[in-house]
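Shown next, in structure tokens, is the structure this report addresses.
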There are 2 protein chains.
Amino acid sequence: MPSKRLLQALAGKRTDRPPFWFMRQAGRYLPEYRQVRAQAGDFLALCFDPPKAAEITLQPLRRFGMDAAILFADILLIPDAMGCRLAFRDGEGPVLEPVRDLDAVRRLDDDGARVAARLAPVYDTVSRVRAALPAEAALIGFAGSPWTVATYMVEGGGGHDFARARRFAFGDPAAFAMLIDRLVAATIDYLDAQIRAGAEAVQLFDTWAGELSSAEFERWCIEPTRAITTALKHRHPAVPVIGFPRRAGANLLAYQARAGIDAIGLDAGVPLDWAATQLQPVSPIQGNLDPMLLAFGGAAMLEATQRILDRWGGRPFVFNLGHGITPDVPVSHVAALSERLRAGTTP
Amino acid sequence: MPSKRLLQALAGKRTDRPPFWFMRQAGRYLPEYRQVRAQAGDFLALCFDPPKAAEITLQPLRRFGMDAAILFADILLIPDAMGCRLAFRDGEGPVLEPVRDLDAVRRLDDDGARVAARLAPVYDTVSRVRAALPAEAALIGFAGSPWTVATYMVEGGGGHDFARARRFAFGDPAAFAMLIDRLVAATIDYLDAQIRAGAEAVQLFDTWAGELSSAEFERWCIEPTRAITTALKHRHPAVPVIGFPRRAGANLLAYQARAGIDAIGLDAGVPLDWAATQLQPVSPIQGNLDPMLLAFGGAAMLEATQRILDRWGGRPFVFNLGHGITPDVPVSHVAALSERLRAGTTP
């Protein structure tokens with residue numbers, strides 16, 4: 001029986017109160033983050049700088065006392081390590097060398113040792129965070145899901161033409177499957193190494209799962225996720241995997257049934273009653289406060305929080321947002337929400 | 001008992017075969033559309049030119065024999081008629097005067113007679129189409145749903161920052177409610193007039209319903225839709241209303257239960273089994289072939305079509321795409337799909 005609240009909830013146990021953490025809790029809304037960020041060369045350098053990345057990972061816990069830290073890193077570190085050179089340009093988001101045909105897929109470096117060497121600073125960050133973590137907090141590692149990472153690789157950046165990846169998949173399914181398979185293999189190694197370095201749970205972010213038709217969702221979201229969870233469970237049976245297929249709608253049911261995850265992350269569009277009756281009896285759920293309520297704060301934020309606690313607090317549940325914290329969120333709102341959550345379901 | 005196949009299905013009756021039509025079936029993929037379009041001054045002028053708009057509405061039926069024509073118009077004609085001057089710039093999409101505060105909402109013209117006069121050419125188009133329609137085909141009128149139309153008004157165009165409309169709604173709920181209420185009133189008048197001019201069914205397009213959290217979905221999607229359907233049903237109890245809250249996910253259940261619609265349109269992300277067991281027993285459904293399969297054509301398109309027919313063909317159902325036809329779709333693919341659909345569920 002794990003003693004940390006987050007791990008209890010993810011193991012399907014009742015907890016004294018629901019554990020909480022926030023997606024992108026280590027980020028630009030925090031002045032101490034911006035200070036460290038200003039000292040670093042660029043965002044990518046920051047991800048590969050273990051002392052700074054560890055510091056950033058721990059910052060929100062000092063202020064707000066979350067039940068978990070989530071590794072400070074980026075879902076595009078894997079393609080970068082596979083040879084798609086990645087850069088972050090201010091105000092533009094990520095830019096990377098596009099992968100749009102079989103030749104480009106074949107050029108990806110799939111030498112596990114070389115890829116691991118490039119990602120070694122991330123594992124160093126994990127070790128440092130784990131060593132410095134408050135006793136009651138858990139450390140969550142993460143990766144992007146293959147489909148979501150592939151959308152950026154095909155696009156060559158963070159543009160929003162997801163149709164490009166879908167056209168690749170329809171036009172040359174074998175080449176796209178090879179891309180996904182290579183991402184599956186690299187993601188297994190990446191999460192395995194994070195766990196060996198000290199991560200106590202891992203989350204797969206499938207930010208663009210909602211762009212897929214239901215047939216594609218089975219093929220490009222559920223199947224690769226199951227391949228990853230199967231391999232991880234073989235090596236680390238006790239380490240929970242949280243899957244977050246954003247905007248998957250009713251496909252959440254199939255994902256929960258077949259992706260092999262231990263808990264499921266829910267975006268703000270998922271109705272509370274439906275999740276309580278259809279999903280929560282099957283596995284622990286995590287979510288789903290609208291991040292915009294955190295930006296506005298006040299009574300609206302606290303009332304919506306209470307509705308979530310009332311509806312989901314009786315069964316294993318991890319409080320979180322429905323998506324990441326936005327840079328415009330006032331620190332005082334995060335403080336007020338955290339204080340409310342530390343008080344439990346019925347303060 | 002209506003004799004047209006589409007109206008039978010929308011009334012919940014079994015049909016000899018599922019009726020079909022395609023969203024954006026009158027559009028750029030058709031050479032005869034591009035020819036008429038080239039003669040017109042701009043897109044907006046085309047929408048307000050009854051002979052040309054009627055011709056465009058009828059074009060796809062001549063080639064493909066769909067069971068329904070859908071009025072050629074645009075969801076932004078209502079804001080244009082309310083005084084938000086609209087323009088379509090090539091390659092940029094729509095541009096209109098932004099509505100971002102209470103003053104701008106108050107400046108909207110809510111004089112029903114003036115708005116109706118500006119929209120009169122649309123009603124003329126409806127009459128012309130109805131008079132020229134093949135006997136077995138039905139005419140569908142349409143409007144955008146208030147939430148989706150509001151996103152364009154707040155943005156001032158077709159940009160993809162839906163957060164702007166949501167911030168308006170959170171920051172000044174009374175002003176945003178006034179905007180939605182004015183759109184509800186204008187949409188009721190607009191659809192009422194389309195029906196009086198000859199539309200036999202109407203569809204509400206809520207393209208951006210999936211951008212809303214579940215609480216917002218109740219307030220800004222379901223409630224305004226119910227206000228519209230209630231008013232329309234009072235005036236035209238026998239005219240079916242199809243609601244299409246795109247990417248609504250599990251919120252489709254609440255929408256179907258409370259929005260007052262007769263049939264529900266499903267995007268390509270909705271799983272076939274889930275819709276068959278959860279939605280179709282409650283009301284007729286419409287959808288949901290992935291438009292990208294129409295672009296690729298061939299066996300993949302026909303196999304996916306067969307899966308839909310197999311799963312949904314036994315109950316009242318209207319075959320359609322999950323979203324509009326894209327301009328790159330070859331005419332031959334639409335012909336092959338139409339031929340398949342005219343053959344019924346088991347050719």
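Values in this text are rule-based calculations from the coordinates and carry no lab data. Only a predicted model underlies this, so the values are computations on that prediction, with no experimental measurement involved. Note that we place each Cβ from the backbone using ideal geometry, even for glycine, and neighbour counts take in every protein chain shown.
Note on B:HIS323, A:HIS333, A:HIS234: ascending count of other Cβ atoms within 10 Å places them as A:HIS234, A:HIS333, B:HIS323, the fewest first.
Panel order for A:CYS84, A:CYS221, by other beta carbons found within 10 Å of each beta carbon, from fewest to most: A:CYS84, A:CYS221. Taking the helices alone, the protein assembly as shown has a mean residue ellipticity at 222 nm of -14500 deg cm²/dmol, built from -39,500 (n - 2.57) per DSSP H run of at least 4 residues and averaged over all its residues. In this simple spin-label approximation, B:HIS160 and A:ALA238 carry label points 7 Å from Cα along the Cα→Cβ vector, and these lie 4.4 nm apart.
For chain A, complete DSSP H runs whose alpha carbons reach 27 Å or more along their own long axis and whose mean Kyte-Doolittle score is 0.5 or higher are A:173-197. Could you give log10 I(q)/I(0) at q = 0.05, 0.06, 0.11 Å⁻¹ for the protein assembly as shown, computed by the Debye formula over C-alpha point scatterers of equal weight, without solvent? Evaluating at q = 0.05, 0.06, 0.11 Å⁻¹ gives log10 I(q)/I(0) of -0.25, -0.36, -1.17. Relative to the other identical copies, B:ALA238 shows label-point distances of 7.1 nm, where the label point lies 7 Å from Cα along the Cβ direction and values run shortest first.
Sparse packing (at most 14 other Cβ atoms within 10 Å of the Cβ) combined with a DSSP loop state is found for the following GluC sites (Glu not before Pro) in the stretch A:128-229: A:GLU136. Here the gap between B:ALA45 and B:ALA177, fully extended at 0.36 nm per residue and compared with their Cα-Cα distance, gives a gain of 44.4 nm. Please name which of A:LEU86, A:GLN280, A:SER3 has its Cα lying farthest along the dipole of chain A towards the positive end, using unit charges on Cβ (Lys, Arg +1; Asp, Glu -1) and the Cα centre as origin. Going by the Cα projections, it comes out as A:SER3. When restricted to Cα atoms, the stretch A:217-347 yields an Rg and a Dmax of 15.6, 46 Å, respectively. If one computes the Cα centroid of the stretch B:1-80 and of the stretch A:73-146, what distance in Å separates the two points? Distance between centres, Cα-based: 48 Å. Label 7 Å along Cα→Cβ of A:ASP273; the stretch A:283-326 residues with amide nitrogen under 16 Å? Output list for this probe position: A:307-308, A:310-312. Residue of chain B with the smallest Cβ distance to the axis mapping B onto A, distance rounded to whole Å: B:GLY249, 1. Note on chain B: GNM, Cα springs under 10 Å; of B:ASP111, B:ASP267, B:ASP124, the largest mean-square fluctuation is that of B:ASP111. Approximating the spin labels as points 7 Å out from Cα along Cα→Cβ, the A:ALA104-to-B:LEU102 distance works out to 5.1 nm. How big is the antiparallel share of DSSP beta bridges in chain B, given as a percent to the nearest 5? Here the antiparallel bridges make up roughly 15 percent for chain B. Sorted ascending by nearby beta carbons within 10 Å, beginning with the fewest, B:THR57, A:THR346, B:THR125 become A:THR346, B:THR57, B:THR125. For chain A, averaging the sequence separation of C-alpha pairs within contact (under 8 Å, six or more residues apart) and dividing by the residue count gives a relative contact order of 22 percent. By the Cα gyration tensor, the stretch B:147-289 has an equivalent ellipsoid whose semi-axes, rounded to whole angstrom, run 23, 20, 13 from largest to smallest.
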